[in-house]
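Trainee: Sharing a structure with you now.
The values are calculated or read from the model by the stated rules, or taken from the named source; none is laboratory data. Bear in mind the structure is a predicted one, so any value in this text is a computation, not a measurement. A quick note on method: Cβ atoms are made from the backbone with ideal geometry, for glycine too, and the neighbour counts reach across all protein chains shown. To get the accessible areas, we keep the full protein, side chains included, count just its heavy atoms, and leave off ligands, DNA and RNA. Shrake-Rupley method; radii C 1.70, N 1.55, O 1.52, S 1.80 Å.
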Amino acid sequence: MRQLTRPARRAVLVVHVVVSVGWLGVTCGLLTLAVAGAATDSAEAAEAAYRAMKVFGDWLVIPLSLLALVSGLVLALGTPWGLARHRWVYTKFWLNLVTAGLSAFALRGHINEVAAQATAGGHVANPADVIIPPAVALATYVFITAISVLKPWGLTARGRRHRRQVVRSAAD
């Protein structure tokens, strides 16, 4: 992919940060609602919490996760960082891919199940099914944020080869 111009890179970076922070916020909201639904003694409050989770899950989780993934890919491929040159970028990509997939396919299914149980007036069989996934996702997003800021671990083998080629080209 061709390198992004400075204005394009900045625009994509802003989109990526805003969408990623939005995904983090939605995850915090999901975790808060899941804990509130599990901790309350009121069936009505639990139903409201789980139904609100369903709205977040149905309308926000997939678009935010996909936009974070796509904007991150554009940044990786359109900047000198590359996708597989630095271990932190590579790790971040795979963690985003896995969490986007789990959010879309596993978390939403659990939310729909719990919301249906609560709406039907029944007891929610296992509220941990909707507490643990956003808690793990939140920890993952905090880790991803930390490695984005700290940029640890250095170059991959591909990154070292690329750097040697750049140095050789500059010497010629």
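Trainee: Does the range 99-109 include one or more residues that are out of contact with any helix residue (DSSP H, G or I) (no Cβ under 7 Å at 6 or more places or on another chain), assigned to a helix (DSSP H, G or I) and modelled with pLDDT of 95 or more?
Mentor: Within the range 99-109, not a single residue is out of contact with any helix residue (DSSP H, G or I) (no Cβ under 7 Å at 6 or more places or on another chain), assigned to a helix (DSSP H, G or I) and modelled with pLDDT of 95 or more.
Trainee: Could you give me the residue pairs with C-beta distances under 7 Å whose first residue belongs to the range 51-78 and is within 20 Å of GLY37 (Cα to Cα) and in contact (Cβ under 8 Å) with a residue 24 or more places away in the chain, whose second residue is in a helix (DSSP H, G or I) and open to solvent by 30 Å² or more (accessible area, probe 1.4 Å) wherever it lies, and which are 6+ apart or on separate chains?
Mentor: ARG51/THR119; MET53/LEU33; LYS54/ASN112; GLY57/ARG108; VAL61/ARG108
Per-residue answers, yes or no, for (1) touching an Asp or Glu at 6+ places or on another chain (Cβ under 6 Å); (2) closer than 19 Å to ALA68 by Cβ; (3) surrounded by fewer than 20 Cβ atoms within 10 Å (Cβ to Cβ):
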| residue | (1), (2), (3) |
| --- | --- |
| LEU97 | no, yes, yes |
| ALA106 | no, yes, yes |
| ALA115 | no, no, no |
| ALA120 | no, no, yes |
| ASN126 | no, no, yes |
| ASP129 | no, no, yes |
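Trainee: While we're on this one: Taking LEU138, is it in contact (Cβ under 8 Å) with a residue 12 or more places away in the chain, surrounded by 12 or more Cβ atoms within 10 Å (Cβ to Cβ) and in contact with a Cys (Cβ under 7 Å, 6 or more places away or on another chain)?
Mentor: Yes: the conditions hold for LEU138.
Table: residues versus (1) touching a Gly at 6+ places or on another chain (Cβ under 9 Å); (2) more than 18 Å from GLY122 (Cβ to Cβ); (3) of a type in the set (Val, Ile, Thr).
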position: VAL12; (1), (2), (3): yes, yes, yes
position: TRP23; (1), (2), (3): no, yes, no
position: GLY29; (1), (2), (3): no, yes, no
position: ALA43; (1), (2), (3): yes, no, no
position: MET53; (1), (2), (3): yes, no, no
position: LEU77; (1), (2), (3): no, yes, no
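Trainee: Also: Which one of these is open to solvent by 30 Å² or more (accessible area, probe 1.4 Å), of a type in the set (A, V, I, L, M) and out of contact with any strand residue (DSSP E or B) (no Cβ under 7 Å at 6 or more places or on another chain): LEU69, LEU83, LEU75?
Mentor: On inspection, the qualifying residue turns out to be LEU83.
Trainee: Sticking with this one: When the residues of the range 141-158 are narrowed to those that are loosely packed, with under 12 Cβ neighbours inside 10 Å and part of a loop (DSSP other than H, G, I, E, B), which ends up nearest to the chain's Cα centre (by Cα)?
Mentor: The qualifying residue nearest to the chain's Cα centre (by Cα) is PRO152.
Trainee: What do you reckon, is ARG2 assigned to a loop (DSSP other than H, G, I, E, B), open to solvent by 70 Å² or more (accessible area, probe 1.4 Å) and basic (Lys, Arg)?
Mentor: yes
Trainee: Next question, about the same structure. Touching a Leu at 6+ places or on another chain (Cβ under 8 Å), within 26 Å of PRO134 (Cα to Cα) and either open to solvent by less than 60 Å² (accessible area, probe 1.4 Å) or modelled with pLDDT of 95 or more (or both): does that describe TYR90?
Mentor: No.
Trainee: Does VAL26 meet the test of being open to solvent by 50 Å² or more (accessible area, probe 1.4 Å), at pLDDT 95 or above, assigned to a helix (DSSP H, G or I) and of a type outside the set (D, E, K, R)?
Mentor: Against the criterion (open to solvent by 50 Å² or more (accessible area, probe 1.4 Å), at pLDDT 95 or above, assigned to a helix (DSSP H, G or I) and of a type outside the set (D, E, K, R)), VAL26 does not qualify.
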